[in-house]
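The values are calculated or read from the model by the stated rules, or taken from the named source; none is laboratory data. What you are looking at is a predicted structure, and each value in this text was computed from that prediction instead of being measured. Note: ideal-geometry Cβ built from the backbone for every residue, glycine included; neighbour counts use all protein chains shown.
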Amino acid sequence: MSHFLTLALQPPVWQSLDGAELNPRQRDWLGFAGSLTERLGHATGKPISVDVLTEVLGEPWIDEAPVLELARLRGWLREIYLNAGGEAQIFGRSFIPMRTLESLNPRLDRLGETPLGQVLFQLPGLKRRDLQVALLDARHRLYQRAIKGLDAPPCRLWARRSVFEIRHLPLLVTEVFLPGSPLYETDTVFPSPLAGEGGA
């Protein structure tokens with residue numbers, strides 16, 4: 001990546017699910033409200049595994065803090081690849097503010113190679129705010145993080161994010177759908193940009 005591109009990286013343009021131009025398959029996967037881990041297992045028929053890329057105390061990105069309705073305070077940052085049969089399907093990024101982390105049992109900073117969704121959806125009182133979606137390209141920091149381990153990344157990738165609440169305590173989960181995921185299976189061409197966002 002050039003020095004110029006590094007400086008030019010920017011947040012994605014996030015939209016509500018209802019406001020995005022999506023084909024039926026994209027809307028089905030991006031709008032799925034249950035555990036993506038479980039659904040991938042059923043859809044692919046392959047064993048699900050996790051490659052942990054990052055686990056560290058840090059700050060949310062500048063576009064993440066407002067969604068959490070927090071100042072840019074420290075929290076637990078985790079980035080992973082969610083695999084089906086050893087092939088990366090999803091790049092996952094989660095940010096858990098310290099207050100949320102310290103209030104939960106089990107602790108979500110001790111997952112190891114367990115998918116977050118496998119634990120999260122078992123927690124009593126879990127609520128999910130509205131999903132947001134974005135079409136990523138090389139201008140976006142999230143895209144650059146997601147493609148880091150890919151041999152031949154495409155020019156664009158769909159992503160979604162939402163805030164979960166457990167006893168009114170928030171955490172943010174962002175998921176980028178990688179080329180091998182079922183979301184793209186019926187696409188003959190790569191998806192067009194979201195309404196209101198120019199091409200790369």
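The number of residues in segment 139-164 being at pLDDT below 95 and in a strand (DSSP E or B) comes to 0. Screening the candidates I96, I80, I90 for the property of being buried (at least 19 other Cβ atoms within 10 Å of the Cβ), over 15 Å from T37 (Cα atoms) and touching a strand residue (DSSP E or B) at 6+ places or on another chain (Cβ under 6 Å) yields one hit, I96.
Here K46 fulfils each of the conditions (1) part of a loop (DSSP other than H, G, I, E, B); (2) more than 16 Å from P115 (Cβ to Cβ); (3) not small (G, A, S) apart from (2). Checking each residue in segment 111-130 for being part of a loop (DSSP other than H, G, I, E, B) and under 16 Å from F95 (Cβ atoms) picks out L111, R129. Taking the criterion of being within 16 Å of P11 (Cβ to Cβ) and charged (D, E, K, R), the residues of segment 65-106 that qualify are R72, R93.
So, in segment 49-77, of the ones that are assigned to a helix (DSSP H, G or I) and free of Cβ contacts under 8 Å to residues at least 40 places away in the same chain, which residue ends up surrounded by the fewest Cβ atoms within 10 Å (Cβ to Cβ)? I'd like the intermediate steps shown before the answer.
Of segment 49-77, the ones assigned to a helix (DSSP H, G or I) are 65-68.
Restricting the remaining residues to those that are free of Cβ contacts under 8 Å to residues at least 40 places away in the same chain gives 65-66.
Working: A65: 18, P66: 11.
The selected residue is P66.
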